[in-house]
1. Excluding residues fewer than 8 places away in the same chain, name every one of the lysines whose C-alpha is closer than 27 Å to that of residue 143.
2. What is the set of long-range amide H partners of residue 82 at a cut-off below 5 Å, with H atoms built 1.01 Å from backbone N?
3. Residue 132's amide H: which non-local residues (gap 5+, or another chain) put their own amide H closer than 5 Å, with H modeled 1.01 Å from N in plane and none for Pro or chain starts?
4. Excluding same-chain residues fewer than 8 positions from residue 40, which lysines have a Cα within less than 22 Å of its Cα?
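Each reported figure results from applying straightforward, stated rules to the coordinates on display, with no laboratory input. Treat the numbers as computed from the prediction; the structure is a model and nothing was measured.
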Amino acid sequence: MRRCGHRSFSCGKLCRKLLGCGKHNCEKSCHQGACPPCAKTAVHPCKCGRTTALRACAELDFRCEQSCGRQLSCQKHYCDKGCHSGSCGECTLAGKRSCPCGKIQHTGITCDYVVPTCGSTCEKPLSCQRHRCNERCHYGPCKDTCRVVLTKSCRCGSLKKEVSRLHLLSAYVTLRVYANLRWQL
């Protein structure tokens, strides 16, 4: 006989439900709720199948540290994704691509075709996030040096100077020194 205050009831026998790994059964005594993850270990392959490791059955979804490296459908390039299962997908360089600055679109081109620069101004945002690259369309990163000239004045306003953003910090320090010297004179 059970009292109403006893909410859980167990027969005390082994649970024996099939665990999430699909290979082993729960070895806990009769319990409420979900069974714990499988703690049995075995040698399992990673997603790409190149590496095997001794892992718990509950940790079947593991990836090795290698990149995939399988040849893509174009037969010219290789997959650079990390360890994965299934198809690598299509070559990302085939089909629709643009010039480095993104202004001119090229469609239906092969993946080994080098898209030319368009000759237009790049206009990608620079690291200052206020100005844009004023170089011609180019491959690679934009020159991180912001060349925009700004007029800056010291705190008291007695000195003004045109400076490029590259030299802004050193110019600010210099202006403060000059302003302090004038104050002392």
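1. Partners found: 96, 103, 124, 152, 161.
2. 68
3. For residue 132, whose amide H was placed from the backbone, the distant partners under 5 Å are 126.
4. Of all the lysines, those that pass the test against residue 40 - Cα under 22 Å, at least 8 places apart if same chain - are 13, 17, 23, 28.
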